[in-house]
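Enquirer: Pasting a structure below so you can have a look.
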Amino acid sequence: MSYYTVRGIVGRGFPILLVTSVIGIFAGQILNLEIEKLVSMPIILVLIPSLIKIGGDTGSMLGARLSSSFHMGLGSHLHRNPVVRNSVLAALIVGLSACTFVGIIVWITGSILGMGMPFTTLMALCLIAGSFELLAVFSATITIAFASHRFGVDPDDTVIPLIATLGDFIGVTGIFVTMHLLNLI
């Protein structure tokens, strides 16, 4: 059985590692391109790490649930599967609650440190960027999980690493798109 050998693990993991490295480099370059704008608003620098992790973490949680349902034989049809529907709904509730909590904590921190912005603006930024990130990441999670399962690749090996990194990329992009929509930059 070559699945749990060093060669099997490296053979499945190395391509994923390469892809996630490239995605991570792109996410870092987006931040690097906008660094002057970010330095002028230090509260956004406090917000970015926690906000971008919400999508990746909840997407990974959703991916793990979908992978478990595949292993138990429950995940076959996307459109009428209550496991998928309930898992997405639960992850969405957790993600939006986390975005709200992060917005409140960052606003309090900004107020204490004297680098705050209006509460409504910060909450709008958190909820719009967070919603965009969650919807994009959850769509990618479902697609990658079902594609992995369909092509005989263990979703445990692909979904979580790809979604965690993709969440960073989509989160950074979502924050900057939302900042442009709100005329912050």
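Enquirer: Looking at the range 95-114, which of the residues that are under 14 Å from ILE48 (Cβ atoms) and not β-branched (Val, Ile, Thr) is surrounded by the fewest Cβ atoms within 10 Å (Cβ to Cβ)?
Expert: Looking at residues that are under 14 Å from ILE48 (Cβ atoms) and not β-branched (Val, Ile, Thr), I get GLY110.
Enquirer: Return the pairs, sorted by first residue and then second, in which the second residue is surrounded by 19 or more Cβ atoms within 10 Å (Cβ to Cβ), the first residue lies in the range 132-145 and is of a type in the set (D, E, K, R), the beta carbons are less than 6 Å apart, and the residues are 6+ apart or on different chains.
Expert: GLU133/GLY55; GLU133/ILE170; GLU133/GLY171; GLU133/GLY174
Enquirer: Continuing with this model, one more query. Considering each residue of the range 1-20, count those that are under 14 Å from LEU162 (Cβ atoms) and either touching a Cys at 6+ places or on another chain (Cβ under 6 Å) or free of Cβ contacts under 8 Å to residues at least 60 places away in the same chain (or both), and give that number.
Expert: Of the residues in that region, 3 qualify.
Enquirer: Can I ask one more? Restricting to the range 51-84, give me the number of residues that are at pLDDT below 80, among the hydrophobic types (A, V, I, L, M, F, W, C) and open to solvent by 20 Å² or more (accessible area, probe 1.4 Å).
Expert: Residues meeting the conditions: 4.
Enquirer: Suppose we filter the range 143-161 for residues that are open to solvent by 30 Å² or more (accessible area, probe 1.4 Å), in a helix (DSSP H, G or I) and not acidic (Asp, Glu); how many remain?
Expert: Going through the range 143-161 one residue at a time, the tally reaches 8.
Enquirer: Which one of these does ILE185 not meet: (1) part of a helix (DSSP H, G or I); (2) touching a residue at least 40 places away in the same chain (Cβ under 8 Å); (3) open to solvent by less than 70 Å² (accessible area, probe 1.4 Å)?
Expert: Result: ILE185 fails condition (1) only.
Enquirer: Here's something else I'd like to know. Being modelled with pLDDT under 90 and open to solvent by 70 Å² or more (accessible area, probe 1.4 Å): is that true of LEU135 here?
Expert: When the stated conditions are applied, LEU135 does not pass them.
Enquirer: Mind counting the residues in the range 30-50 that are polar (S, T, N, Q) and either surrounded by 11 or more Cβ atoms within 10 Å (Cβ to Cβ) or modelled with pLDDT under 85 (or both)?
Expert: The number of residues fulfilling the criteria is 2.
Enquirer: Ok, one more. Just to be sure, is GLY130 under 16 Å from GLY171 (Cβ atoms) and open to solvent by less than 70 Å² (accessible area, probe 1.4 Å)?
Expert: Taking the combined requirement at face value, the residue satisfies it.
Enquirer: Given the conditions (1) open to solvent by 60 Å² or more (accessible area, probe 1.4 Å); (2) more than 28 Å from LEU125 (Cβ to Cβ); (3) under 21 Å from the mean Cα position of the chain (by Cα), and given that ARG7 satisfies all but one, which numbered condition is not satisfied?
Expert: (3)
The values are calculated or read from the model by the stated rules, or taken from the named source; none is laboratory data. Just so it is clear, the structure is predicted and the values come from calculations on it, not from any experiment. So basically every Cβ, Gly included, is an ideal-geometry build from the backbone, and we count neighbours across all protein chains shown. For accessibility, only protein heavy atoms count, side chains too; no ligands or nucleic acids. Shrake-Rupley method; radii C 1.70, N 1.55, O 1.52, S 1.80 Å.
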